[in-house]
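Worksheet for the structure shown next.
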Amino acid sequence: MFSIAKRNFAARLSCAVLRRTIPALLLFAGFGGAAFAQEPASAHAGVATSLPELLAEAEKNNPQIEAARHGWEAAKQVPTQVSTLPDPQFNLQHMSVGSPRPFAGYTNSDFAYIGLGVSQDIPYPGKLRLKGKIAKRGADISEQQIESVRRTVTAELKAAYFQLAYLSKTLAILEQDGELLKQVQQAADARYRSGMGTQQDLLPAQLQQTKLLREIAMHHLEVGKLEAQLKQLLNRSQDSPDIEPSDLVETPLVQTYAELLAAAQVQNPEIVGAKKMIEKQSLQVDLARQDFYPDFNVQYMWQRTDPTQFRAYYMLSVGVRVPIYRGRKQRPELAQAEAEKLRAGSELQAQSQQIAAELRAQYVLAQQTSELLKIHREGLSPQSRSEFQAALAAYQSNKQEFQALLTAFLDVLRFDEEYWQNVSEYQTAIARLEQITGLALR
């Protein structure tokens with residue numbers, strides 16, 4: 001993702017740090033500006049991939065989403081299975097007297113016969129319909145699980161993308177603020193040459209260069225981790241080209257907390273799935289009550305004895321399965337179903353409270369981070385740069401100590417990094433709000 005020029009830049013920094021003498025430091029100061037100036041042009045040499053492109057790719061290729069879809073497809077096949085009558089049973093009977101051979105014995109006994117029959121189990125009316133409805137609610141819950149997995153994957157991808165964009169932006173900041181550090185070095189060198197400064201003013205600048213080198217190395221480490229995470233979510237090979245993020249842009253949040261909460265109550269898959277579970281358990285209670293009623297069995301039989309002497313027999317029989325052990329089977333089953341329904345209601349309440357709390361936390365985070373960004377834009381960033389320029393002028397005119405100048409530079413660097421970190425956190429909070437509510441807030 002990051003260019004070869006960056007690595008050359010880090011190598012040049014490393015060489016400069018290792019040179020301990022003042023002539024070497026001055027030589028670095030002479031070439032440092034060119035190194036920093038060349039970096040921004042090559043920092044974004046790759047083609048940036050927009051977030052919507054990655055989201056579409058993840059929804060198409062992510063294996064977790066695909067697994068959830070297959071689970072839903074499987075659950076949709078259940079309702080017709082459980083709402084259909086049991087398969088009929090066909091019977092073949094043979095009775096012979098005086099001979100073990102099949103179909104023998106007609107001439108030996110009037111009791112010999114062959115028979116064909118079919119029997120069908122018939123549950124009490126309404127049971128199969130209820131079983132189909134219960135299975136349908138189960139399929140609806142599986143459908144909500146698809147949406148839940150999709151939103152989770154989407155939120156994770158957005159968070160990683162925004163963090164990657166922040167790191168990319170911060171690397172550019174480190175390079176740009178290196179120009180300010182070059183001005184600090186030049187000012188310290190000028191005072192040293194004029195006899196008004198000491199070598200001690202040059203060493204802190206050298207140390208800060210080393211810290212910049214370390215921070216760049218740490219950023220590259222974090223970039224590698226985020227690239228691996230993004231490729232996993234996109235189901236890409238880990239040796240595929242790295243992803244270049246677009247620049248971070250602050251997205252205004254115009255919805256109120258009440259509007260977001262109302263959307264979450266209707267569209268959040270966890271809440272919708274919990275409601276479907278209550279419906280399923282209510283049907284399960286109805287089915288448990290139906291089990292107090294008997295099931296039936298119908299059987300039809302055709303029998304043939306000696307056709308030369310007797311006519312065929314036709315028999316129709318109806319059987320009833322009576323639930324006589326209600327105290328040990330049906331009543332505990334009903335109690336279990338009712339308890340499961342109460343549990344589903346409690347889980348819905350707990351889920352709603354959890355969603356509301358998470359929504360509030362992310363909403364407050366987005367609101368406060370937006371305020372921080374405004375403070376950075378209108379106050380901290382311009383003020384820190386003005387303070388640095390004033391400190392630089394005061395130091396050059398021998399009116400201020402070097403430590404105050406270095407502190408002013410560090411404030412500029414810190415506020416620049418904090419601003420883009422806040423942008424990343426703000427966008428991540430917006431992504432979490434989108435995950436909870438199902439709204440497109442961008």
Return yes or no: is Leu261 touching a Leu at 6+ places or on another chain (Cβ under 7 Å), over 30 Å from Thr152 (Cα atoms) and either at pLDDT 95 or above or not charged (D, E, K, R) (or both)?
no
The one condition Val298 fails out of (1) free of Cβ contacts under 8 Å to residues at least 60 places away in the same chain; (2) over 14 Å from Glu434 (Cα atoms) is (1)
Of the residues in the stretch 330-377, those that are open to solvent by 90 Å² or more (accessible area, probe 1.4 Å) and of a type in the set (Lys, Arg) come to Arg331, Arg343, Arg360, Lys374, Arg377
Among the residues of the stretch 314-325, the number that are under 11 Å from Gly117 (Cβ atoms) and open to solvent by 100 Å² or more (accessible area, probe 1.4 Å) is 2
When every residue in the stretch 378-409 that is small (Gly, Ala, Ser) and without any contact (Cβ under 8 Å) to a residue 24 or more places away in the chain is compared, the one surrounded by the most Cβ atoms within 10 Å (Cβ to Cβ) is Ala391
State whether the residues of the stretch 172-184 include one that is of a type in the set (Lys, Arg), open to solvent by 20 Å² or more (accessible area, probe 1.4 Å) and within 30 Å of Arg289 (Cβ to Cβ). no
Of the conditions (1) out of contact with any Pro (no Cβ under 8 Å at 6 or more places or on another chain); (2) within 30 Å of Arg289 (Cβ to Cβ); (3) among the basic types (Lys, Arg), the single one that Lys136 does not satisfy is (1)
Going through (1) under 30 Å from Ala139 (Cβ atoms); (2) modelled with pLDDT under 50; (3) hydroxyl-bearing (Ser, Thr, Tyr) one by one, Ser83 fails only at (2)
*Got at least one residue in the stretch 425-438 being under 30 Å from Ser148 (Cβ atoms), under 40 Å from the mean Cα position of the chain (by Cα) and not in a helix (DSSP H, G or I)?*
yes
Only one of Glu371, Glu358 is in a helix (DSSP H, G or I) and closer than 30 Å to Glu279 by Cβ, namely Glu358
Checking Leu230, Leu207, Leu203 in turn, the sole residue that is at pLDDT 85 or above and either more than 30 Å from Val184 (Cα to Cα) or surrounded by fewer than 16 Cβ atoms within 10 Å (Cβ to Cβ) (or both) turns out to be Leu230
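The values are calculated or read from the model by the stated rules, or taken from the named source; none is laboratory data. All of these numbers come straight from a predicted model, not from anything done at the bench. Neighbour counts are summed over all protein chains in view; Cβ atoms, including those assigned to glycine, are modelled from backbone coordinates with ideal geometry. SASA here: full protein model, heavy atoms, side chains in, ligands and nucleic acids out. Shrake-Rupley method; radii C 1.70, N 1.55, O 1.52, S 1.80 Å.
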